[in-house]
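> Below: one structure in structure tokens.
The values are calculated or read from the model by the stated rules, or taken from the named source; none is laboratory data. What you see is a predicted model, and the numbers here were worked out from it, not measured in a lab. Counting neighbours? That spans all protein chains shown, and the Cβs are built from the backbone with ideal geometry, glycine included. Remember, those area values only see protein heavy atoms, side chains included, never the ligands or the DNA or RNA. Shrake-Rupley method; radii C 1.70, N 1.55, O 1.52, S 1.80 Å.
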Amino acid sequence: MGEVLDRPECLTYAVKIQCIRVDWIINDKEGLKFLKELLKQQNKDIFLTPYILIVIEFLYIEYSNKIKSMLMPPFILHIISVILAVISAELYRSQIMSNNFGQEMTMTYDLKNLLYEGSDDIVALNKKLFLMQFLARLFCAVLNIVNFINFVQ
Amino acid sequence: MDAIILGTNLVVTFSLFGNVKLVPLRVFESILVVAIFFKSLYFLRLIGEIAPLIDIIFTIIADIKYFMAIYLISQLAFVFAFYSIGKNQM
């Protein structure tokens, strides 16, 4: 076996190998039903049976890696885009409101109508902030739809 | 949770192209932020060190629901009692 007694990485150990057939859980409709029924079980002792333990461990390793690699990155981008959209929208609103103090601004069109009010510097800044929040919200919408399709699949 | 995120995000996005009241729009934005941060718990449950903590928190919330019911009833009792007494000082 190539065992070297004074090197721990070259020692051999007894291992117990268990094989079970789980292809029906992944390939058949009954497999999905079985997993759903398992989820509903109130009796937690069923999860301690060797067969279920192996199935859960196999599915957990397989699917947790897929979730981490496929669902997590777009979700992190989505969170960032939502924060950017909210902050940029508030910056844009407070910029317009601070330059047009006393004007009634209860609707989004009120803000748009006041976009070109003020000096050239103010208008340039207004336009920049409007564009920023517009792009942030569009980015947010695209990621929202991508994430939703990902989750539904 | 997904439906809430999808719905509120669509409202927030389409407010760009329509005339929407700012007060409800901010409410939608706040719901979106809360919902999306709570959804991150789903992904955090994949991390071995964090998963038990999240499970514990939700189990505690489920276990204390009857305690919270009694607590809320007693809170409401004092809220209305002090509201009534407080009106004497105005």
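> Specify the longest stretch of chain A that does not include any exposed loop site, a site being one of the trypsin sites (Lys or Arg not before Pro) with a non-H, G, I, E, B DSSP assignment and at most 10 other Cβ atoms within 10 Å.
Working: sites that count: A:LYS16, A:ARG21.
No qualifying site falls inside A:22-153, the longest such stretch.
> Tell me the net charge near B:VAL34. Cut-off is 15 Å between Cβ atoms, B:VAL34 excluded, with +1 for each Lys or Arg and -1 for each Asp or Glu.
On the way: positive: B:ARG26, B:LYS39; negative: B:ASP2, B:GLU29.
That sum, taken over residues with Cβ under 15 Å, equals 0.
> While we're on this one: Give me the dipole magnitude in Debye, nearest 20, for chain A about the Cα centre, with unit charges on the beta carbon: positive for Lys and Arg, negative for Asp and Glu.
320
> Anything in chain A that counts as a DSSP H helix reaching 27 Å or more along its axis (C-alpha) with Kyte-Doolittle mean of at least 0.0? List them, would you?
A:72-99, A:120-152
> Return the sequence-ordered ³J(HN,Hα) values of segment B:50-65 in whole Hz as given by the Karplus equation 6.51 cos²θ - 1.76 cosθ + 1.60 applied to θ = phi - 60°, using x for Gly and Pro.
Using θ = phi - 60°, the values come out as 9, 3, x, 5, 5, 4, 4, 4, 5, 5, 4, 4, 5, 6, 8, 4 Hz.
> Let me ask you something else. Which GluC sites (Glu not before Pro) in segment A:1-54 sit in a loop by DSSP (not H, G, I, E or B) and have at most 13 other Cβ atoms within 10 Å of their own Cβ? Display every interim value, and only then the final one.
Values: sites: A:GLU3, A:GLU9, A:GLU30, A:GLU37; in loops: A:GLU3.
Within segment A:1-54, the qualifying GluC sites (Glu not before Pro) (loop, at most 13 other Cβ atoms within 10 Å) are A:GLU3.
> Compute the Cα gyration tensor for segment B:1-44, then decide on rounded, prolate or oblate, letting a ≥ b ≥ c be the square roots of its eigenvalues: rounded whenever a/c is under 1.5, prolate when a/b is larger than b/c in the other cases, and oblate in all that remain.
Values: a/c = 3.59, a/b = 2.25, b/c = 1.59.
Taking the square roots of the gyration eigenvalues as a ≥ b ≥ c, segment B:1-44 is prolate.
> In Å³ and rounded to a whole number, note down the convex hull volume per residue for the Cα atoms of the protein assembly as shown.
Values: hull volume 69.2 nm³, N = 243.
Hull volume normalised by residue count: 285 Å³.
> Which one, B:ILE57, B:ILE36, B:ILE70, has the greatest fluctuation when you compute a Gaussian network model over chain B with C-alpha springs under 10 angstrom?
Judging by the Gaussian network model, the answer is B:ILE70.
> Using modelled amide H (1.01 Å from N, peptide plane; none on Pro or chain starts), what sits under 5 Å from the amide H of A:MET107, excluding residues fewer than 5 places away?
Result for A:MET107 returns B:LEU22.
> May I ask you to list the chymotrypsin sites (Phe, Trp or Tyr not before Pro) in segment B:16-61 that are in a DSSP loop and have at most 11 other Cβ atoms within 10 Å of their Cβ?
The qualifying sites are B:PHE17.
> Compute the distribution of all C-alpha to C-alpha distances in segment A:10-134, in bins of 5 Å from 0, and list the percent of pairs in each, rounded to whole numbers.
2, 8, 12, 11, 8, 7, 6, 6, 5, 6, 7, 7, 7, 4, 3, 1, 0
> Also: What longest region of chain A stays clear of chymotrypsin sites (Phe, Trp or Tyr not before Pro) that DSSP places outside H, G, I, E and B and that have at most 13 other Cβ atoms within 10 Å?
A:14-100
> Mind jotting down the distance between the C-alpha centroids of segment A:114-153 and segment A:10-80, whole Å?
Rounded to whole Å, the Cα centres lie 41 Å apart.
> Scale the Cα Rg of chain B by the rule-of-thumb value 2.2 N^0.38 Å and send over the ratio, two decimals.
Relative to the 2.2 N^0.38 Å estimate, chain B comes out at 1.64.
> Buried accessible area for the B:A pair, summed, 1.4 Å probe, in Å² rounded to 100?
Interface area, both chains combined: 3000 Å², rounded to the nearest 100.
> Counting just the Cα atoms, what span does segment B:48-90 cover along each of its three principal axes? Round to the nearest Å and put the largest first.
Sorted from largest, the Cα extents of segment B:48-90 read 56, 19, 5 Å.
> Provide the gained length on full extension for the span A:GLU90 to A:GLU117, in nm with one decimal, where the gain is 0.36 nm per separating residue minus the Cα-Cα distance.
That works out to 7.9 nm of additional length.
> Shifting gears a bit: Please compute the per residue accessible area over segment B:1-44 with all protein chains in place, 1.4 Å probe, rounded to a whole number of Å².
Solvent-accessible surface per residue comes out at 50 Å².
> Excluding residues fewer than 8 places away in the same chain, name every one of the lysines whose C-alpha is closer than 30 Å to that of B:LYS65.
A:LYS36, A:LYS40, A:LYS44, B:LYS39
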